[in-house]
1. Could you say which residue among Glu39, Glu53 is modelled with pLDDT of 85 or more, among the charged types (D, E, K, R) and either loosely packed, with under 14 Cβ neighbours inside 10 Å or more than 15 Å from the chain's Cα centre (by Cα) (or both)?
2. Could you tell me whether region 16-24 includes any residue that is among the acidic types (Asp, Glu), surrounded by fewer than 17 Cβ atoms within 10 Å (Cβ to Cβ), at pLDDT below 90 and within 25 Å of Met1 (Cα to Cα)?
3. Would you mind telling me which numbered condition in (1) modelled with pLDDT under 85; (2) exposed (fewer than 15 other Cβ atoms within 10 Å of the Cβ); (3) of a type in the set (Gly, Ala, Ser) Gly9 fails?
4. Being polar (S, T, N, Q), under 14 Å from Val61 (Cα atoms) and in a loop (DSSP other than H, G, I, E, B) is the filter here, so list the residues in region 1-51 that pass it.
5. Residues of region 52-68 being part of a helix (DSSP H, G or I), within 18 Å of Val6 (Cβ to Cβ) and touching a residue at least 12 places away in the same chain (Cβ under 8 Å), which ones?
Amino acid sequence: MRHAVVFGGSNGGIGSALARELARSHRVVVVDLVPPRVELGNSIDFLQCNVAELGDVAKLVPQLSQLVSLPMQARRSPARRRIGVSPSTST
């Protein structure tokens with residue numbers, strides 16, 4: 001089965017609709033700051049995380065790896081990864 005991670009989407013709207021649509025053919029994990037206010041469905045998992053906080057993201061990666069297949073590189077150094085910044089230049 002294919003996997004999908006949706007950041008945002010626990011409060012209805014476009015993210016929730018995307019998660020439900022992806023759940024037809026994927027194992028879906030919704031990651032959001034606040035717990036779901038709408039029913040996401042039985043085939044959608046939820047993880048709470050503030051993606052603006054590096055410490056939260058570092059804790060998220062092991063949790064995600066329990067639910068979906070992650071590339072080995074993501075499992076090794078989550079705290080050093082930032083979108084658009086290589087690990088060698090991150091602070």
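1. Values: Glu39 fails: modelled with pLDDT of 85 or more.
Going through Glu39, Glu53 in turn, just one is modelled with pLDDT of 85 or more, among the charged types (D, E, K, R) and either loosely packed, with under 14 Cβ neighbours inside 10 Å or more than 15 Å from the chain's Cα centre (by Cα) (or both): Glu53.
2. Our first condition is that a residue be among the acidic types (Asp, Glu); within region 16-24, this holds for 21.
Subset that is surrounded by fewer than 17 Cβ atoms within 10 Å (Cβ to Cβ): 21.
Filter once more, so that each one left must be at pLDDT below 90: none.
Looking for residues that are among the acidic types (Asp, Glu), surrounded by fewer than 17 Cβ atoms within 10 Å (Cβ to Cβ), at pLDDT below 90 and within 25 Å of Met1 (Cα to Cα), one finds none in region 16-24, hence no.
3. The number of the failed condition is (2).
4. Kept after step one, since they are polar (S, T, N, Q), are these residues of region 1-51: 10-11, 16, 25, 42-43, 48, 50.
This time we only want the ones that are under 14 Å from Val61 (Cα atoms), so: 48, 50.
Of everything in region 1-51, just one residue is polar (S, T, N, Q), under 14 Å from Val61 (Cα atoms) and in a loop (DSSP other than H, G, I, E, B), namely Asn50.
5. Restricting attention to region 52-68, the residues satisfying the condition of being part of a helix (DSSP H, G or I) are 54-67.
The next check asks that each one be within 18 Å of Val6 (Cβ to Cβ); those that pass are 56-57, 60-61, 63-67.
Result: Val57, Leu60, Val61, Gln63, Leu64, Leu67.
The values are calculated or read from the model by the stated rules, or taken from the named source; none is laboratory data. These figures come from a predicted structure and were not determined experimentally. Virtual Cβ from ideal backbone geometry, glycine too; neighbours counted across all protein chains shown.
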